[in-house]
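Okay, structure first, notes after.
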Amino acid sequence: MPDNKPDITSLFEPKSVAIVGASHEPSKIGYKILENVIRGGYSGKVYPVNPKGGEILGYRVYKSILEIEDAIDLACISIPAPFVFEAVQQCASRGVKYLAIITSGFSEVGNISEERRIVEFARAHGMRVLGPNIFGIYSANASLNATFGPAQIRKGNVGIITQSGALGIAMMGKTQSENIGLSAIISIGNKSDIDETDLLEYLGSEQNTRVILMYIEGVKNGEKLVDALKKITKTKTVIVIKSGRSRRGAIAAASHTGSLAGEDNVFSDIMRQCGVIRCETISEALNLSKTVPELALPSGENTVIITNGGGVGVLAADASEKYGVNLYSDYPKLKSLFQDCVPQFGSTKNPVDLTGQATIQNYRDALKKALEADEISSVICVACETALFDVEGYADLIKNSFDQYRHKKPIVFSLFGGKKADECIAILRKDGIPVFHDVYDAVFCLGGLYRQLGNLKKPQSAEREVMVDKARIQEIIEIARRDGRRFLLSAEAHAILEAAGIPAPESRIARNLEEAVAFAEEIGYPVVLKVVSKQIIHKSDVGGVALDILNKEEVIDAYQSIINSCRQHMPDAHIEGVEICEMVEPGIEVIVGARIDPSFGPVVMFGLGGIYVEVMKDVAFRAAPVTPGEAVEMISEVKGYPLLLGVRGEKKKDINSIVDCILKMGMIINECREISDIEINPLVVYDDGEGARAVDARIILSNKEVKK
Ligand code: ACO
């Protein structure tokens, strides 16, 4: 398709909008969209289109798009699917830039060819397509509500991109009831052309948008998405909800919009790599979207909890650990700060426990201390409603403290109690104050703020130039392709590791017994002998492997027994020789893999070997290529990481060697796109400074036409 795409601003800030299928009937979608555009205060030109002509809501109705003489930036199409293509052709002849196709009945129900026909035609004529199967677009900058959702949308700092239309409309309603202001909300539906990344590019640079919330079912072009997210999260908070976490959910998502739900753990890890906050539920995501624009970024990592109840204080502490909020633990300092506000049977240790008899004055004093102390960077203020507790007084205190300190220090509140507490929370939340029933919700939002701070402060890990001999790797691939193979032989895999500079045990291929002995003597004992044959994949099953060979006599015995056993088990196999391989010293076994992921393209994987990967699935993924900093994060993320730091008096392992291997694997998978899977298992890692050895590697080529 030609890349003559119009500027995305014309979609979000069109100067003129045509509504194709603007209905005379108020119950129809085409009427509702026109009504929302008009009532929403859109200041550009509006052109309703309907073959019946006449007038709707005081606007002249054009019988055809062809009748409109002015330029049209955006055409919203809401007519039945069989008529859409013709309308798109007419839009092309009028130089329309963007099409928002509301209509359902395309790829989501298997009508893929018609959807493709429309998109190909549109792109060939310089138009871009949002949808089909969408509720439309709301954009605050243009006061444009071209949706069939709620008529009134509050303007604000949150931009929402949603793959599900119904959920998006419901979110519009929810943002209204929660008083969350939107900078935009856009439905991407079948993503036939415009996808979330195209929209992110606008929202990422649009100055009113501080938070971007995405609901995604499946990622199609993950490489593009990763690039955009990595840039945007440096300045904005990006929150994602991805359905399809469970197996059932993934199947439902795949059939929902005709897109594939990527592997969930890959998605999660890559989102973390990009600095995106993944929420599990819509309410988490909306809470965070509402809270982030209201709070100042913390200046440091010292958080204090103020509570009137031990239990809820402990819950707040648990939540802090869960959501990455660090509690201030300078106990002498805490004591000197809070001893005057805490009764003798309370506690100045963090949580600062004012006890069940806490008065509003106690809270006021403690809050003032916490909010004014330079050492304290953020505050979690929680309260349980008791018979003694003045709920309204607490609500006033919340409001006053928040108003006074909101731009200086982040503070979140929780109030757990009965009807009176609920009423106070509802009033405070209307004013945008981050107060929650559940202390976990409050701490989650503060945790989100710290994640954002982490993104901003994250040192830019310099990309390390990793040299891999691409020409040599291509030569090896060509040999396999010529043989019609997608699986590389062990010697070929070994040669690829060598071309990438990944240390592997020394090995040679002996064509006869004399060579076998000579090579073993050269390499040095102990050695391993392995049969080399394209037909023998599972060598051990046919007696094709001999380990721990200690001298010349043993080489002779092992060589002969390998040849005899393989001939006996697989008489038709062509035996090319026997590989004589250095037997590596034991160390910690890890796995480093890389593959082309269907959603994200090249990804790398790291895990500890054996049961850690097989049973516990204790692995980490990243989009490739990775920086050294990202490789270090991957390694430290797995649960078995302490084993690499050295346990029970063992020395720390050579983590730099693993980093090096991950970088090189990332480079191979990114640069040599004919390789679809490469896995080193095990990479044996030695003590710090002593390196690592890739003992075995498995390489699979992509399923492209085999070259003859
Ligand atoms: N140009 C302009 N107007 C036209 C054309 C045309 N080529 N052809 C028909 N029209 C007019 C019709 O005359 C009609 O106007 P009228 O009511 O004044 O007679 C109007 O366009 C609408 O056409 P209808 O045939 O009445 O179609 P209807 O409105 O019932 O349905 C719709 C059209 C809404 C696009 C439907 O086909 C559809 O796809 N519905 C699903 C939409 C949807 O859910 N999208 C996903 C949203 S996200 C979510 O899940 C919530």
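The values are calculated or read from the model by the stated rules, or taken from the named source; none is laboratory data. The model shown is predicted, which means the values in this text are computed figures rather than measured ones. No Cβ is skipped: glycine too gets one built from the backbone with ideal geometry, and neighbour counts run over all protein chains shown.
Below, the figures for the structure above:
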item: Residue identified as touching a strand residue (DSSP E or B) at 6+ places or on another chain (Cβ under 7 Å) and charged (D, E, K, R) among 399, 409; result: 409
item: Selection within the range 54-67 - more than 22 Å from residue 152 (Cα to Cα) and more than 10 Å from the ligand (Cβ to nearest atom); result: 55, 60, 66, 67
item: Where residue 169 falls short, out of the listed (1) assigned to a loop (DSSP other than H, G, I, E, B); (2) without any contact (Cβ under 8 Å) to a residue 60 or more places away in the chain; result: (1)
item: Exclusive hit being more than 30 Å from residue 389 (Cβ to Cβ), surrounded by 15 or more Cβ atoms within 10 Å (Cβ to Cβ) and modelled with pLDDT of 95 or more, set 306, 239; result: 239
item: Selection from the range 16-40 of residues that are over 16 Å from residue 128 (Cα atoms) and away from the ligand (no atom under 15 Å from the Cβ); result: 37, 38, 39, 40
item: Out of 43, 10, sole residue that is of a type in the set (S, T, N, Q) and either over 35 Å from the mean Cα position of the chain (by Cα) or within 11 Å of the ligand (Cβ to nearest atom) (or both); result: 43
item: Filter result for residue 465 (out of contact with any helix residue (DSSP H, G or I) (no Cβ under 9 Å at 6 or more places or on another chain), more than 24 Å from residue 158 (Cα to Cα) and at pLDDT 95 or above); result: no
item: Residue among 442, 491, 426, 471 that is of a type in the set (Gly, Ala, Ser), surrounded by fewer than 21 Cβ atoms within 10 Å (Cβ to Cβ) and in the same structural domain as residue 351 (by TED's automatic domain parsing); result: 426
item: Index of the failed condition, residue 389 passing every other in (1) within 16 Å of residue 420 (Cβ to Cβ); (2) among the hydrophobic types (A, V, I, L, M, F, W, C); (3) touching a Phe, Trp or Tyr at 6+ places or on another chain (Cβ under 9 Å); result: (3)
item: Subset of the range 194-209 [assigned to a helix (DSSP H, G or I) and not acidic (Asp, Glu)]; result: 197, 199, 200, 202, 203, 204, 205
item: Residues located in the range 138-171, provided they are within 12 Å of the ligand (Cβ to nearest atom) and of a type in the set (A, V, I, L, M); result: 166, 167, 169, 170, 171
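Each row is one residue, and each column tells you yes or no for (1) assigned to a strand (DSSP E or B); (2) charged (D, E, K, R); (3) under 12 Å from residue 308 (Cβ atoms).
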{"residue": "375", "(1), (2), (3)": "no, yes, no"}
{"residue": "392", "(1), (2), (3)": "no, yes, no"}
{"residue": "396", "(1), (2), (3)": "no, yes, no"}
{"residue": "399", "(1), (2), (3)": "no, yes, no"}
{"residue": "404", "(1), (2), (3)": "no, no, no"}
{"residue": "409", "(1), (2), (3)": "no, yes, no"}
{"residue": "413", "(1), (2), (3)": "yes, no, no"}
